[in-house]
Amino acid sequence: MKLGKGLEALLKEDKVTFTGYKEVHVDSIVANPYQPRIDVDGEIESLVNSIKEVGVLSPLIVSEMPGGKYQLVAGERRLHASKLAGIEKVPVIVKEVSDKDLLFFAIIENLQRKDLNPIEEATAMFNLQQKFGLNSDQVGERLGISGRSVRDHVSLLKFPTEIQIAISDGEITKEHADFIGRLPNEKLQIEVLHTVIQKKLSCTATDLLVRRILLKFPNKPSRRMKTPQRVLEIEHDLQKVFRSNNIRVIRRHETGSGWIRIRFKSDKELERLFTKIVKKT
């Protein structure tokens, strides 16, 4: 996933206080306890080789701790790769960061990774919403993407676990999942999932399969509530009072609650109805 904003830009936007730039020993840096992605070994070999050749070009973000230690805020892969490359000191930017900020930036950094699968991305975005009380548009603003994109990602978490695993493993795409998700129950969704994987169906073929299955599940006619006689009488009286057949008393709930709808054909008729209503009150 490519995000529009880097972590450093977000740090500036959140006005995290910058306190200095220096080089520190790798053993003095303590890992971020809120880092949601523990495995950093994947595809790290190229980063290790780069650091061996040219050093760490992008500073790590840390905050000072008591006893000469530093809390890692961002740069877990760079720190791990530096240790593997035998580098003793790395450049860091020191900032004052709260525990809440540590969690926030850990999730953001996790989202900046290129090797995240769609479910990991969705989970990270959902965590931002839940842990920080942000809506989809606010999360999108932080990440430099649209709120709609955030909603599309998070919607993946509504699928059964088996479908989420298939998305994570790259066996199906989000588009496949969207088609499968139209089926009326989880058991049927899982059966179709297995068919899609086994036969390596395309999105188009999956759509057609789901459409054929749905033909066996015709929509049941909606149950319309019968309008009570007294409501009909009130509606009739209102039509007589205001000399208009376009007045309807609409009752939608079993509790008896509902509303009155008044339609008008022109501004002149609206004025006439309004005058009538005012006089009656």
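The values are calculated or read from the model by the stated rules, or taken from the named source; none is laboratory data. Because the structure is predicted, anything quoted here is derived from the model rather than measured. We place every Cβ from the backbone using ideal geometry, glycine too, and count neighbours over all the protein chains shown.
In the stretch 104-122, the residues that are closer than 21 Å to residue 61 by Cβ and among the hydrophobic types (A, V, I, L, M, F, W, C) reach residues that are assigned to a helix (DSSP H, G or I) and at pLDDT 70 or above with C-beta atoms within less than 7 angstrom, at least six apart or across chains, in these pairs: 104/132; 107/124; 107/127; 107/128; 111/121; 111/124; 111/143. Looking across 48, 24, one residue alone is outside the structural domain of residue 149 (by TED's automatic domain parsing), modelled with pLDDT of 85 or more and touching a helix residue (DSSP H, G or I) at 6+ places or on another chain (Cβ under 6 Å). It is 48.
A single entry from 159, 104, 126 fulfils the requirement of being outside the structural domain of residue 52 (by TED's automatic domain parsing) and buried (at least 20 other Cβ atoms within 10 Å of the Cβ): 159. Does residue 88 fit the bill of being touching a strand residue (DSSP E or B) at 6+ places or on another chain (Cβ under 8 Å), surrounded by fewer than 17 Cβ atoms within 10 Å (Cβ to Cβ) and charged (D, E, K, R)? Here the answer is yes, as residue 88 does meet what is asked.
Under the condition of being modelled with pLDDT of 90 or more and either at negative phi or of a type in the set (Phe, Trp, Tyr) (or both), the residues counted in the stretch 188-240 number 26.
Exactly one residue out of 152, 178 is within 11 Å of the chain's Cα centre (by Cα) and of a type in the set (D, E, K, R), and it is 152. Checking each residue in the stretch 265-280 for being modelled with pLDDT of 75 or more and not acidic (Asp, Glu) picks out 266, 268, 270, 272, 273, 274, 275, 276, 277, 278.
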